[in-house]
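*Asks:* Could you have a look at this structure, given as structure tokens, before my questions?
The values are calculated or read from the model by the stated rules, or taken from the named source; none is laboratory data. The model shown is predicted, which means the values in this text are computed figures rather than measured ones. For neighbour counting, all protein chains shown are included, and Cβ atoms are generated from backbone atoms with ideal geometry for every residue, glycine included.
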Amino acid sequence: MMRAWRRGLIAAALTLALAGLALLSLNRREASVPGTNPAQSTPALIERGAYLARAGNCMGCHTERGGLPYAGGRPIPTPFGTVFASNLTPDRQHGLGDWSADDFWRALHHGRSRDGRLLSPAFPYSNYTLLTREDSNALYVFLRSLAPVAQANLPHELRWPYGTQLAQAVWRALYFRPAVFQPEPRQDAVWNRGAYLVQGLGHCNACHAPRNALGATPGATDFSGGMLDELGWYAPSLHDAGEAGVAGWSAAELREWLKTGSNRHASALGPMAEVVLGSTQHLNEADLAAMGRYLQALPQRAAPRSRPAAPPDQALRELGGKLYEQHCASCHGEQGQGVAGIYPALAGNRVVTMSNSSNLLRVILRGGFAPATTEKPRPFGMPPSPASSANASWPPSPASCAAAGATRLAMSASSM
């Protein structure tokens, strides 16, 4: 009995030792990767970096509401606590002032800070690792061209042990391997450019993918939908025509949606409105076409459907009909047909018919506002319900819908 116990203890010790060695091996400090004259800043390289920063919507996270651009401080809620975005300006004490191009590349490609500290995967380095060194250099040169802002970084507020370096190391060992994007030889250059933008810089599956108990996604090519619990929104599946799949849209319709945030099929609301506002509306036509080509080529598969709920009783249906007539029909039509270009149709609307009703409830209670873009500067918006706004008049007038949408998104634009 004693010998068996000793053998078990020795086996456990050896297992732990091997696991520790594997962990150290997988998280060893990566060597610098020489760049192509990364320190030679030129106006063209700065302009390219500014464009890439827009494509990645870097300012969207790294700018606090009402704060200075790229100075950090914006809270990012996660299931494990709050992460605060860092200062990306060239301030020497708080920002990237003492960072080299190699340091910056290591952060994007390896998820490791200048001092060797492992970064939280809330910073989507699982996607950014796909960036080329040339694009990393351009981003670095652009950020170095900004005015420095002496704003201190806020410490993350993560529950123990999730904020520890050991926890970060374990996460990386389980779910992360550095890898630059490799073009798919069976696809053309347009498709591959779209894949590079969507999988890497755009980090689309950071929202549009499910996450496991430790916050990891299945991979950069999975867009099967994910619940953003801390924000109260659901990022629908891009593989499912019943959710957010766009394989059935025309190229022009998809371009319109990415450029303006709305088309005859859908409007971008919530976090996606911010993406259009700060990122996709600024893409050039070639990149819009490439992103559209890739998204439309995604394999389409229906998401698993939950068992249908029992149909509501007649009294509940009648009550719902009365509420719709009082509060919704004046804009969306008696049959939910909407008004083309103004009020979206509710009949057949995917937000209404999806099995996950989080977005529908969110819009009813809190309102919904498409982004105010260059091509559509005054979108109509859905004001919050009277329960969420004590001074709201209901039903809202067409003018108030337009004014509410424009005002809300103008406020968002000024703070980004």
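*Asks:* How many residues are over 21 Å from Ala138 (Cβ atoms) and charged (D, E, K, R) if we restrict to the range 100-126?
*Replies:* Matching residues across the range 100-126 total 2.
*Asks:* I've got another one for you. Glu157 fails exactly one of the following numbered conditions: (1) outside the structural domain of Ala71 (by TED's automatic domain parsing); (2) within 30 Å of Leu361 (Cα to Cα); (3) of a type in the set (Asp, Glu). What is the number of that condition?
*Replies:* Unmet condition: (1).
*Asks:* Then there is this: Out of the residues in the range 138-147 meeting the condition of being surrounded by 18 or more Cβ atoms within 10 Å (Cβ to Cβ) and within 17 Å of Gly95 (Cα to Cα), tell me which one is nearest to the chain's Cα centre (by Cα).
*Replies:* Leu139
*Asks:* Taking the range 141-180 on its own, how many of its residues are of a type in the set (Phe, Trp, Tyr) and either farther than 27 Å from Thr221 by Cβ or free of Cβ contacts under 8 Å to residues at least 40 places away in the same chain (or both)?
*Replies:* Residues flagged as of a type in the set (Phe, Trp, Tyr) and either farther than 27 Å from Thr221 by Cβ or free of Cβ contacts under 8 Å to residues at least 40 places away in the same chain (or both) within the range 141-180 amount to 2.
*Asks:* So in the range 306-329, with the set limited to residues that are surrounded by 10 or more Cβ atoms within 10 Å (Cβ to Cβ) and part of a loop (DSSP other than H, G, I, E, B), which one is modelled with the highest pLDDT?
*Replies:* Cys328
*Asks:* Can you say whether Val352 is outside any loop (DSSP other than H, G, I, E, B), within 23 Å of Leu277 (Cβ to Cβ) and out of contact with any Ser or Thr (no Cβ under 7 Å at 6 or more places or on another chain), as far as the supplied structure shows?
*Replies:* No.
*Asks:* Could you figure out which of (1) in contact with a helix residue (DSSP H, G or I) (Cβ under 7 Å, 6 or more places away or on another chain); (2) under 20 Å from Pro299 (Cα atoms); (3) touching a residue at least 40 places away in the same chain (Cβ under 8 Å); (4) not aliphatic (A, V, I, L, M) isn't true of Pro183?
*Replies:* Failing condition for Pro183: (3).
*Asks:* When the range 263-294 is examined, which residues are found to be of a type in the set (S, T, N, Q) and in a loop (DSSP other than H, G, I, E, B)?
*Replies:* Within the range 263-294, Asn263, Ser279, Asn284 qualify.
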